[in-house]
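The values are calculated or read from the model by the stated rules, or taken from the named source; none is laboratory data. Source: prediction; values computed, not measured. Please note: Cβ atoms are built from the backbone with ideal geometry, for glycine as well, and neighbour counts cover all protein chains shown. What goes into the accessible areas is simple: the full protein's heavy atoms, side chains included, and nothing from ligands, DNA or RNA. Shrake-Rupley method; radii C 1.70, N 1.55, O 1.52, S 1.80 Å.
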Amino acid sequence: MQLRCARSGASALMWMDGDVSSPPPLQGGSDMREFARSLTPRSIMTGSVVLYAVVLVMVLFPPAYMSVSGMRNPVILGLPFVVFYYIFNAALLGVGLTVLYRIEDLRGELDERRIEEGE
Amino acid sequence: MVVSLGLLSIFYLVVIGILYTTQRKESTGSFSEYAVGGRSYGPWYVAMSYVNSWWPGSTFIAFFGMAAGAGIFGFYGLAYSTLGVGLMYFLATRAWRWGAAYDLQSQPDLLGKRFDSHAVRVIASVVGVIAVFPWVVLGMQALGELFHVASGGTWSVAVSLVVGIAVIVVRQIWTVNMGMRGLIMTDMFQGIVAYGVSTLIGVIMLTGMGSSPISLSTLATLPEQFLRIPGDGGSYGPLYWFALIFTGVIGALCWPMSFQRIYTASSVRAVKASTIRTMLISGVFYTVLMLVGMAAVTVPEVAADPQGGWFTLLDQFGGTWLTGLAVVTVFAAAMGHIDGSVQVSGLQIANDIVQRPGKPLSDRQLTYIAKGSMAGFMLLATVVAFSTFNMTRLQLLAQISYQLVVQISVPLFLGIFWRGGNKYGAAAGMVFGSLVASIMTFFFPDDIPALGSLTGGIVGLAVNLVVYLVVYAVMGQGEEERERVNRFFEVAQRPTRRIGAAVTEPVLVASGADELRDEDREL
């Protein structure tokens with residue numbers, strides 16, 4: 001049995017192999033799509049840079065990382081705070097980039113063919 | 001011994017089986033097909049290949065040892081890997097479009113094109129290959145140690161080294177023959193075993209299930225010394241943590257193997273999707289490994305030998321079978337890293353060093369040279385691995401190599417995101433930066449106390465950046481060069497199609513892209 005995309009009929013294996021370079025955009029609610037399209041490229045870029053910069057500062061700025069050094073409390077999810085701090089930062093960037101990907105996808109900006117055709 | 005070696009043999013045979021079944025009888029014969037798999041891979045393959053090139057087998061030894069021996073110290077790897085891999089998202093569009101438009105095969109290829117300079121291309125390539133070499137040697141030597149463990153100590157270190165190196169050398173026959181395609185197909189399997197299986201085992205151990213020697217609950221009561229960041233007391237200065245993570249972040253895409261993954265992807269979408277998947281796989285795997293390491297600080301046998309902690313824990317948890325599995329996970333990660341390093345080194349030697357401007361080699365010639373370079377690279381690494389076994393200075397070379405490879409970052413990042421700079425500044429910056437970084441790291445292998453524990457690589461980077469900017473300020477860009485750079489950047493702003501493996505002219509369909517932007521502005 002082979003998994004197939006409900007919309008295009010392309011097999012999942014084909015997509016993994018890269019034979020389908022332009023799969024259909026992710027399905028999103030109309031509100032989400034409208035929101036994504038309402039954003040300007042500048043606001044998307046600003047948001048992305050701010051997100052990356054915030055994580056960068058939290059991890060790289062000496063006063064920031066020294067302030068959590070040795071901190072055990074509050075213990076969150078069973079983890080000393082300093083451990084949670086580093087996992088949280090990694091997760092924040094991961095989630096942020098996933099949201100960015102989703103927005104770009106809804107705007108049709110991830111596929112060369114769609115941009116080319118002005119879809 | 002029988003179980004560990006048996007599991008290793010099964011794993012190895014599966015890898016060889018995958019290579020046999022995926023080997024294409026008919027090849028297009030193009031160098032792009034050989035070097036970057038014809039830019040045809042989807043996000044999961046690219047992601048797993050990236051993770052394989054990112055976390056070598058030593059992650060289970062050196063990084064695990066850091067967490068088990070020094071606690072939070074190990075988490076610097078999570079910080080730099082997340083930020084470093086995340087950076088790929090932001091340069092994905094430009095780098096992929098340039099790659100597809102100009103049929104670029106490697107990171108130095110891009111730099112050469114950006115600065116219109118063969119010298120820049122050669123310097124970047126030489127720095128990359130030299131930086132990779134000690135890691136391949138160390139990886140081969142680590143395999144020797146691994147077989148020593150797998151044999152239960154019954155094989156001498158010398159015999160284990162011979163077996164370890166023989167196994168990896170035989171594997172490289174397919175790397176040489178198949179190029180990138182041989183790498184990507186096995187990376188998926190190796191990655192699942194190395195990172196998937198180890199994550200699963202780690203999670204089970206952290207739950208405290210069965211006879212697990214550790215538990216997540218241990219973490220909340222760890223002594224404070226294990227929660228202190230280096231530089232907060234102790235012998236390191238306050239900038240040591242910054243230097244470690246910063247070097248890792250900017251070094252992420254300086255490693256030739258990492259950047260190469262952009263050019264194996266089938267589209268901008270595939271690069272961006274693979275970035276997110278890489279962050280997920282890498283982040284979950286590494287976080288679990290570090291939590292296991294930190295939870296193990298209270299295990300006396302691990303405290304006595306933190307670097308062997310992964311094997312110790314799995315032996316205590318599941319006896320012979322889990323020890324065998326531990327060996328296989330490390331072997332899988334080590335193999336994936338060495339494969340990627342050998343492949344990209346051969347590619348860069350052929351494509352960026354041997355090939356001269358004005359005298360382009362045919363695809364067949366390039367492929368032959370790349371294959372020969374890979375074989376030569378592997379042979380040299382084998383000789384060095386044998387002759388330098390137990391030499392501590394080799395570890396120093398590996399440290400220098402890391403400080404060295406980040407010197408590519410100045411022309412790489414400034415070249416991608418800024419139209420300024422010129423080839424003289426790019427070349428001189430890398431040369432001076434590399435020299436300063438190498439010399440400083442030779443005298444201060446770990447940190448420079450007088451500079452708050454900054455590392456030699458950071459000092460080299462500062463010199464590199466100053467040279468790049470000063471040379472540009474003094475010499476500027478000629479009118480012709482400015483126009484060339486503008487045209488180069490215009491290519492990255494417009495959609496570019498990948499047409500098979502052939503060289504494709506950028507599809508300058510300004511209307512489509514511009515209409516979209518206009519539409520966005522209206523919205």
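From Cα pairs below 8 angstrom and at least 6 apart in sequence, can you work out the relative contact order of chain B, rounded to a whole percent? Present the calculation step by step, with values, prior to reporting the outcome.
On the way: 871 pairs, mean separation 149.4, N = 523.
Contact order relative to length: 29 percent.
Per-residue shielding of A:81-94, expressed as the average number of other chain Cβ atoms within 10 Å of the residue Cβ, stands at 6. On the basis of the beta-carbon distance and an R0 of 56 Å, B:VAL203 and B:ARG487 show a calculated FRET efficiency of 0.60.
Taken per residue, the accessible surface of the range B:262-357 reaches 23 Å², heavy atoms only and a 1.4 Å probe.
Simple spin-label estimate for B:PHE442 and B:VAL383 gives 2.2 nm between the two label positions (7 Å along the Cα-to-Cβ direction from each Cα).
Estimated from the Cβ-Cβ distance and a Förster radius of 25 angstrom, the FRET efficiency linking B:GLN225 and B:THR154 is about 0.10. Among the helices of chain B, those built from whole DSSP H runs whose Cα atoms reach 27 Å or more along their own axis and whose mean Kyte-Doolittle hydropathy is at least -1.0 are B:2-22, B:76-102, B:118-150, B:157-178, B:268-295, B:309-348, B:363-387, B:423-443, B:456-475. Going by accessible surface with a 1.4 Å probe and the largest first, B:THR329, B:THR218 read B:THR218, B:THR329. Applying 1/(1 + (r/R0)^6) with R0 = 51 Å to the Cβ-Cβ distance of B:VAL162 and A:ARG42 gives a FRET efficiency near 0.25.
Just the number, please: Stokes-Einstein D of the range B:124-194 in µm²/s, Kirkwood Rh from C-alpha pairs, 10 °C, 1.306 mPa s. Result for D is 116 µm²/s. Above 41 angstrom, tally the Cα pairs of chain B and express them as a % of all pairs, no decimals. Counting pairs separated by more than 41 Å, the tail of P(r) holds 20 percent. Taking every protein chain into account, the 1.4 Å probe leaves A:VAL50 with about 80 Å² of accessible area, to the nearest ten.
A simple packing score, the average count of other Cβ atoms within 10 Å per residue, orders the peptides B:476-483, B:52-59, B:413-420 as B:52-59, B:413-420, B:476-483, with the highest score first.
Per the Debye formula on identical point scatterers at the alpha carbon atoms of the protein assembly as shown, with no solvent, log10 I(q)/I(0) at q = 0.08, 0.10 Å⁻¹ is -0.57, -0.93. Pairing chain A with chain B buries about 4900 Å² of accessible area. This figure sums both sides and uses a 1.4 Å probe. Of the residues B:MET430, B:LEU366, B:LEU412, the one whose Cα sits farthest toward the positive end of the charge dipole of the range B:338-471, with +1 on the Cβ of Lys and Arg and -1 on the Cβ of Asp and Glu, is B:LEU366.
Dividing the alpha-carbon radius of gyration of the range B:85-205 by the rule-of-thumb value 2.2 N^0.38 Å gives 1.41.
Expressed as a fraction of 2.2 N^0.38 Å, the rule-of-thumb size for a compact globular protein of N residues, what is the C-alpha radius of gyration of the range B:86-141?
Working: Rg = 13.7 Å, N = 56, 2.2 N^0.38 = 10.2 Å.
So the range B:86-141 has a normalised radius of gyration of 1.35.
Mind checking the mean number of beta-carbon atoms from other chains within 10 Å of the Cβ atoms in B:63-74? Before the final figure, lay out the partial values.
Working: counts 0, 0, 0, 0, 0, 0, 0, 0, 3, 9, 0, 1.
Taking the mean over all residues of the peptide, I get 1.
Legend: residues in the range B:235-250 shielded by at least 30 square angstrom of accessible surface upon adding the remaining protein chains to the isolated chain (1.4 Å probe, heavy atoms) are B:PRO238, B:TRP241, B:PHE242. The order of B:VAL2, B:VAL271 by accessible area, most exposed first and with a 1.4 Å probe, is B:VAL2, B:VAL271.
Expressed as a whole percent, the proportion of Cα-Cα pairs in the range B:170-294 lying more than 19 Å apart is 67%.
Leaving ligands and nucleic acids out of the surface, order B:ASP363, B:ASP103 by accessible area at 1.4 Å, largest first.
Working: B:ASP363 65, B:ASP103 30 Å².
Largest to smallest exposure gives the sequence B:ASP363, B:ASP103.
Past 26 Å, Cα to Cα, is the threshold; run B:LYS272/B:LYS371; B:LYS113/B:LYS359; B:LYS113/B:LYS272; B:LYS359/B:LYS423 against it and keep the listed order. Distance filter (> 26 Å) returns B:LYS272/B:LYS371.
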